[in-house]
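Okay, structure first, notes after.
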Amino acid sequence: MLVKHILGEKGRDVIAIASDATLSEAARMLAHKRIGAVVVRDDSGMLAGILSERDVVRAVADGSVSALARPVSIYMTRAVATCEEQDTVEEIMEMMTIGRFRHVPVLSSGQVTGIVSIGDVVKTRIAETVREAESLREYISAA
Ligand code: AMP
């Protein structure tokens, strides 16, 4: 199964925020959209970083409520690990495990065209396992 198959099912909507938005705006976006991370874009719309709910918690733990008025650019992760539509779900799982993160933006020709979360990966793997079990059952009963 490839990343493009996941995006084909879930869609290619990407929730993004500007790097000069405040942490408070980012927290509101995460809560209202019911997501765990937002892609951060610079002035030209290019990928500048990623900000997850963990970054918000860490920022408030370290800087208290005053962190909420500061820009997202201070707290986001700049070295974003990305993938492409042709990558396999196994490759994304390995990337998430080694990097210890749960979100991977998808790039096509340098543009963010989707995002894959650990929830998408788990859902896909479960569906694959169910399909494999069904074909094994069919194979055994036909034998
Ligand atoms: P997450 O597990 O996705 O909530 O993120 C945990 C930490 O990893 C946070 O500091 C995020 O900013 C960072 N992070 C999330 N996704 C990525 C990614 N694709 N590449 C690099 N860092 C990431």
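The values are calculated or read from the model by the stated rules, or taken from the named source; none is laboratory data. Worth saying up front: this structure is predicted, and the values here are computed from it rather than measured. All Cβ positions, glycine included, derive from the backbone under ideal geometry; neighbour counts span all protein chains shown.
Looking at the range 112-120, can you tell me whether even one residue there is surrounded by 10 or more Cβ atoms within 10 Å (Cβ to Cβ), without any contact (Cβ under 8 Å) to a residue 40 or more places away in the chain and over 15 Å from Lys4 (Cβ atoms)? Yes; the residues of the range 112-120 include at least one that is surrounded by 10 or more Cβ atoms within 10 Å (Cβ to Cβ), without any contact (Cβ under 8 Å) to a residue 40 or more places away in the chain and over 15 Å from Lys4 (Cβ atoms). Scanning the range 15-30 for residues that are touching a helix residue (DSSP H, G or I) at 6+ places or on another chain (Cβ under 9 Å) and away from the ligand (no atom under 14 Å from the Cβ) yields a total of 6. Do we have any residue at all in the range 96-110 that's at pLDDT 95 or above, more than 13 Å from the chain's Cα centre (by Cα) and closer than 29 Å to Val130 by Cβ? Scanning the range 96-110, I find at least one residue that is at pLDDT 95 or above, more than 13 Å from the chain's Cα centre (by Cα) and closer than 29 Å to Val130 by Cβ, so the answer is yes. Can you confirm whether Ala61 is exposed (fewer than 13 other Cβ atoms within 10 Å of the Cβ), closer than 17 Å to Leu107 by Cβ and not hydroxyl-bearing (Ser, Thr, Tyr)? Considered against the rule, which asks whether it is exposed (fewer than 13 other Cβ atoms within 10 Å of the Cβ), closer than 17 Å to Leu107 by Cβ and not hydroxyl-bearing (Ser, Thr, Tyr), Ala61 comes out as no.
Of the residues making up the range 70-101, those that are touching a residue at least 12 places away in the same chain (Cβ under 8 Å) and either closer than 10 Å to Val3 by Cα or polar (S, T, N, Q) (or both) number 11. Looking at the structure I just gave you, is Ile74 farther than 25 Å from Val106 by Cβ and of a type in the set (A, V, I, L, M, F, W, C)? Against the criterion (farther than 25 Å from Val106 by Cβ and of a type in the set (A, V, I, L, M, F, W, C)), Ile74 qualifies.
If you go through the range 87-133 and pick out every residue that is closer than 27 Å to Asp42 by Cβ and small (Gly, Ala, Ser), you end up with 6.
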